[in-house]
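Engineer: Below is one structure. I have some questions about it.
The values are calculated or read from the model by the stated rules, or taken from the named source; none is laboratory data. The shown structure was predicted, so the numbers you read here are calculated from the model rather than taken from an experiment. Cβ sites come from the backbone with ideal geometry, for glycine too, and all protein chains shown count toward neighbours.
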């Protein structure tokens with residue numbers, strides 16, 4: 001069982017209605033015992049999705065794991081979009097820097113799956129991640145950050161990769177409006193989780 005995961009990304013911060021969610025390089029993200037057993041797995045290039053993942057963990061508990069590619073994406077936005085587009089067009093599966101063993105994955109009942117929406121779907125690294133596991137009988141809960149495309153076709157792509165899992169209603173928040181939504185975002189996240197039965 002994963003008891004803690006060492007965060008691999010650089011300093012990231014997002015403010016939810018006065019709640020500063022900050023993760024520093026090398027900081028340790030603690031996990032919590034919970035029933036059902038929850039994993040929050042996410043990919044984040046700019047730390048927006050990471051901040052959202054950590055906020056969800058603060059509400060539902062569970063273990064957290066950051067999906068990181070062995071070869072980093074470019075620092076520039078446009079350069080990253082070009083690489084991401086090429087990966088999508090070529091149906092690539094980027095190699096990951098670290099994984100969860102199938103034995104550890106088997107212990108989880110619910111998997112929150114977070115990512116930015118790139119070209120209408122998940123980054124191809126998330127395809128690499130999902131294809132490692134048989135998630136039959138598990139519940140997958142998608143959440144994403146985006147620049148206007150919402151969840152896109154991510155839920156249907158997840159369903160194709162994990163056909164025997166239950167896919168719950170996802171949550172999407174627009175990256176460019178984090179500041180505008182800072183007072184409303186915590187309520188939106190909590191309402192979504194409450195609607196799915198994870199909060200009372």
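Engineer: Residues being surrounded by fewer than 14 Cβ atoms within 10 Å (Cβ to Cβ) and assigned to a helix (DSSP H, G or I): count how many of those fall in the range 59-102.
Structural biologist: Looking only at that region, the number is 8.
Engineer: Here's something else I'd like to know. Out of the residues in the range 114-133 meeting the condition of being on the phi < 0 side of the Ramachandran plot and part of a loop (DSSP other than H, G, I, E, B), tell me which one is surrounded by the most Cβ atoms within 10 Å (Cβ to Cβ).
Structural biologist: By that ranking, first place goes to 122.
Engineer: Check the range 155-166 and report whether any residue there is closer than 16 Å to residue 57 by Cα and part of a loop (DSSP other than H, G, I, E, B).
Structural biologist: No - not one qualifying residue is present in the range 155-166.
Engineer: Could you tell me which numbered condition residue 197 fails, if it satisfies all but one of (1) at pLDDT 90 or above; (2) part of a helix (DSSP H, G or I); (3) over 16 Å from the mean Cα position of the chain (by Cα)?
Structural biologist: (2)
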